[in-house]
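The values are calculated or read from the model by the stated rules, or taken from the named source; none is laboratory data. Bear in mind the structure is a predicted one, so any value in this text is a computation, not a measurement. All Cβ positions, glycine included, derive from the backbone under ideal geometry; neighbour counts span all protein chains shown. We work out accessible area using only protein heavy atoms, side chains counted, and drop any ligands, DNA or RNA first. Shrake-Rupley method; radii C 1.70, N 1.55, O 1.52, S 1.80 Å.
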Amino acid sequence: MTDYNPIKIEEKWRKKWEEKKAWNIDIKKSKKPYYNLMMFPYPSAEGLHIGNVYAFTGADIHGRYMRMNGHDVFEPMGFDAFGIHSENFAIKQGTHPKDETGKNVNNFREQLKHMGALFDWEHEVDTSSPDYYKWTQWLFLQLYKQGLAYRAKAPVDWCPGCKTVLANEQVIGGKCERCDSVVEQKDLEQWFLKITKYAEKLLNNLDEIDWSEVVKTAQRNWIGRSTGAELEFRIKNHESRVRVFTTRPDTLFGATYLVLSPEHPLVSSMIHDSKFMIQNLDEIKDYINDTKKKTELERTDLAKEKTGVELKGVKAINPANNKEITVWIADYVLSGYGTGAIMAVPAHDQRDFEFAKKYDLSIEMVICPNYPDPTCPVLDEAYEGEGYLVASGDFTGMPNEEAKDKIAKFVNGEEKINYHLRDWLISRQRYWGPPIPIIYCDKCGAVPVPEKDLPVELPYVEDFHPTGTDKSPLATIEEFVKTKCPQCGGEARRETDVSDTFLDSSWYFLRYPSTEFHKKPFDETITKKWLPVDMYIGGKEHSVLHLMYARFITMALRDAGLIDFEEPFVKFRAHGLLIREGAKMSKSRGNVISPDDYFESYGADALRMYLMFLGPYEQGGDWQDSGITGVARFLKKVWELCQNKKGKVKNDPELERLTHKTVKKVTEDIENLRYNTAIAALMEYVNKLTQYTAYDIYCVETLLQLLAPLAPHITEELWQEALGHEASIHNEKWPEYDPEKIKEERARMAVQINGKVRSQIEVDVDAQEDDMKELALGDEKIKKWLEGKTPKKIIVVPNRVVNIVI
RNA sequence: GCCCGGGUGGUGAAACUGGUAAACACGUUUGACUUAAAAUCAAAUGCCGAAAGGCUUGAGAGUUCGAGUCUCUCCCCGGGCACCA
């Protein structure tokens, strides 16, 4: 009998599988395609992170399970190698991202090969290779043609750390998601993708797709749909109008002032137009300047007291009651949302209430909870609840919900839906990304690079460091910038910004099956066969980034007639976070687990299984250093079980039942990504088997088949070498169970008195309820407890419990 | 503030439609084997108690013969959104 040497057998099978290309499937001819996708990593210099291994193992088990269920599983892997993260790392190391990336990709690939996953390396993708980013640029051009890519001057978020502008989604609480710097606001001309066009579809489709609920809610929150009305206020003695967005038109009679954001266009025109006769111009200019100096973080700090300035001399007219009201500017009103102006109803909005208190503005209650009792409560905070209208002209007495529509109509308001979602800013003033394929010509304006001229190659630039200006380092490369206009042939300049990394990853799943095609991004027939993706597994940190962008791009490509589906991922599951002994793993804590250490000591099978055993996959796991010995012991037991070929004994009913039960349990658990309990069931099964001196070989075969997706190497070795099968276990069909054979003959029942367990009885499973009752009452312990008292009531749950109530 | 998760032994965690809480593992203790250690095997292990028994799923209330599971109120941890009008 040979000892279990995981390192040796894993190396052996790794080689064999690679030689045979065991997992590669015929993309073109496949009859039962199953696209099993996981989020490709960015190849950092530190190498494969244990969190990657955790994520990929769970996804690979799913793929292997589907494979044994007869599907042609396509499980590609690639590298998100372009982008700020790779570039920042190169800067830190004093290397060049291009040299760095090649090295890291090779390192990652080698590490990934140790996992024993189904990865198909013939379909690898690297977003930084010209063969890939050529099509990222092509994608941009398609969006441009559709009118979904546009250039606009807008207030944008600038990260002083990364020295580039960022998309909205990449600013978390006023800070850069990459480097944590507080972002600043700049007015710059940038390229945007019109994701807002799809806001409604992105939101509505969420109800239909089979995705983890966490991610769906995150996206719903982010899209942030709110319905209301736009109302118009006249300015007294002037032709100007102010439009406001409100979700509470029912409170219009209580609007006692207007607030404009300091950036509101009307504000600057008022300053420059003497007709307005503003009395405190200097004060207003100062306030606007102060606002400009603030970062978004300071401006939106909830803790800070609200500030504002009245536009003295300007009055607006409340359209509901024609009362004159004052007009203010305040930085708590954001220019980017709604119309950049609000009607303030201090009685029914907490923010307005605070502002009104501070500046002593009138607070008029128009919604009252205790109508028709005319006494309204005295407010020490805004009343935001339901009620009936008071002091609201003809609407007085109406329930406020009903009044929303009616008052909006009464003042000719317009129904309006607003979204929190903003267009996707994709320009980056950085080097390591695909140059945006646009040429500027003095005569023709912005001209897209003709598709035949793609890729616009990223030149190898010695000094690729971000400049810190609003220009990318490419702007200093004369040979790159200077070009001819594709339209008129005249002198022209190239766009020098590159696009956001998330554009690279927004379509990579379309590329994988078509990597062999070099003249198109994805082949039509193959795409029809393989997409949308059947299962996508990844982290929830990309809920409103990658996962939303990918959906948007898919919708846009569909509308362009390039694909025929609008949701890229039929099923998405978010895995949990892997932590270590209760704490997050991070470089700064120095508590990051190295997968290589475990590949080389316990082996990949033990590592895979331990990671999955830690807890429910979708919930995350807490790595305990001492824990891996448990699965290592288990694998050793499995090994030994297969070495001693015990005698053939058929029809041990208890063992047969357990075998079928285990098949059922493991099948259901794997299907639902509950790998931890699947492993527990296998452990129980093995513990039982080791107690037997003889059993049918079928038991061991079934065990290995159930274990194969979790521990691919050891099961292959035992299947072929110990049990003598010629073909791979991974080509075996997934075991089935017979529901008839799971049924027990006898059952243990609890006997309770007033709900407390006092004894146990054993019964035939198909016994009559009365027999169970009788057996319970006859039990010695129960008799003692009853002491001759007559039960008031006896409840029998067959094969479970008898509860005697006295 | 709003929206998702979650709170169960010393630890990671199980528990089907409400029906014997703590499966599976780690750790610990004891014993066997060994000169010894490791490995392995066997036994014990929720808490209190010598035992009988009592108590126990974040807290409190409720529904029920019976609640970790359902309802309500509240507390704590993780995450998302947020002066969004």
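Taking the helices alone, chain A has a mean residue ellipticity at 222 nm of -10500 deg cm²/dmol, built from -39,500 (n - 2.57) per DSSP H run of at least 4 residues and averaged over all its residues.
Sparsely packed loop sites in the range A:208-244 (the trypsin sites (Lys or Arg not before Pro) outside DSSP H, G, I, E and B with at most 11 other Cβ atoms within 10 Å) do not occur.
To the nearest 0.05, what FRET efficiency results for residue A:220 and residue A:677 with a Förster distance of 35 Å applied to their C-beta separation?
0.70
On full extension of the chain, what length is gained from residue A:16 through residue A:294, given 0.36 nm per residue of separation minus the C-alpha to C-alpha distance? Provide the component values of the computation, followed by the final result.
On the way: separation 278, 0.36 × 278 = 100.08 nm, distance 6.22 nm.
Fully extending the segment from residue A:16 to residue A:294 adds 93.9 nm.
Just to verify a number: FRET efficiency for residue A:26 and residue A:726, C-beta to C-beta distance, R0 = 25 Å, to 0.05?
Working: r = 22 Å, r/R0 = 0.89.
About 0.65, to the nearest 0.05.
Distance between the C-alpha centres of the range A:109-162 and the range A:312-360: 45 Å, rounded to the whole angstrom. Among the chymotrypsin sites (Phe, Trp or Tyr not before Pro) within the range A:468-518, which fall in a DSSP loop and have no more than 16 other Cβ atoms within 10 Å of their own Cβ? For chymotrypsin sites (Phe, Trp or Tyr not before Pro) across the range A:468-518 that sit outside H, G, I, E and B with at most 16 neighbouring Cβ atoms in 10 Å, the list reads A:517. Using C-alpha pairs under 8 Å with a sequence gap of at least 6, the mean separation divided by the residue count of the range A:241-355 gives a relative contact order of 44 percent. Relative to the dominant Cα principal axis of chain A, helix A:604-613 is inclined by about 70°. Label positions at residue A:644 and residue A:736, each projected 7 Å from the Cα along the C-beta direction, are separated by 3.4 nm. Taking a ≥ b ≥ c as the square roots of the Cα gyration tensor eigenvalues, the range A:441-546 comes out oblate, since a/c reaches at least 1.5 and a/b does not exceed b/c.
Highest-first packing order for the peptide set A:419-429, A:258-268 is A:419-429, A:258-268, based on the mean count of other beta carbon atoms within 10 Å.
If you average the sequence gap of Cα pairs under 8 Å that are 6 or more apart and divide by the length of the range A:113-229, what percent do you get for the contact order? Could you put the intermediate results ahead of the total?
Details: 94 pairs, mean separation 23.9, N = 117.
Relative contact order for the range A:113-229 comes out at 20 percent.
Note that chain A presents 45 Å² accessible area per residue, ligands and nucleic acids not counted, probe 1.4 Å.
Relative to the longest principal axis of the Cα atoms of chain A, the long axis of helix A:653-671 makes an angle of roughly 20 degrees.
So, R0 is 45 Å and r is the distance between the beta-carbons of residue A:359 and residue A:181; what FRET efficiency does that work out to, to 0.05?
On the way: r = 34 Å, r/R0 = 0.77.
After rounding to 0.05, the efficiency reads 0.85.
Of all lysines in the structure, those lying under 29 Å Cα to Cα from residue A:409, and not within fewer than 8 positions of it along the same chain, are A:197, A:201, A:236, A:315, A:323.
For residue A:8, the aspartates and glutamates whose Cα comes closer than 16 Å to its Cα, not counting residues fewer than 8 places off in the same chain, are A:18, A:596, A:597, A:600, A:605, A:716, A:717, A:721. When the Cα gyration tensor is reduced to axis lengths a ≥ b ≥ c, the ratio a/c is 1.5 or higher for the range A:199-357, and with a/b above b/c it is classed as prolate.
Given chain A, what percent of its DSSP beta bridges are antiparallel, to the nearest 5? Write out the running numbers ahead of the final one.
Details: 71 of 97 bridges.
Restricted to chain A, the bridges split so that about 75 percent are antiparallel.
Out of every Cα-Cα pair that the range A:89-163 contains, those further apart than 19 angstrom amount to 63 percent.
If the chain between residue A:453 and residue A:337 were fully stretched, how many nm would it gain, using 0.36 nm times the residue separation less the Cα-Cα distance?
Between residue A:453 and residue A:337, full extension yields an extra 37.8 nm.
In percent, how large is the relative contact order of chain A, given Cα pairs closer than 8 Å and 6 or more residues apart?
Working: 1457 pairs, mean separation 116.2, N = 806.
The value is 14 percent.
In terms of its C-alpha gyration tensor, chain A comes out oblate, because a/c is 1.5 or above while a/b does not outweigh b/c.
DSSP loop (so not H, G, I, E, B), at most 15 other Cβ within 10 Å: list which GluC sites (Glu not before Pro) in the range A:540-598 pass both filters.
Numbers: sites: A:541, A:566, A:581; in loops: A:566, A:581.
Those that pass, being in a loop and sparsely packed, are A:581.
When the chain is fully extended, how far beyond the present Cα-Cα distance does residue A:589 get from residue A:525, taking 0.36 nm per residue of separation? Present the calculation step by step, with values, prior to reporting the outcome.
Working: separation 64, 0.36 × 64 = 23.04 nm, distance 4.94 nm.
Stretched out fully, the residue A:589 to residue A:525 stretch lengthens by 18.1 nm.
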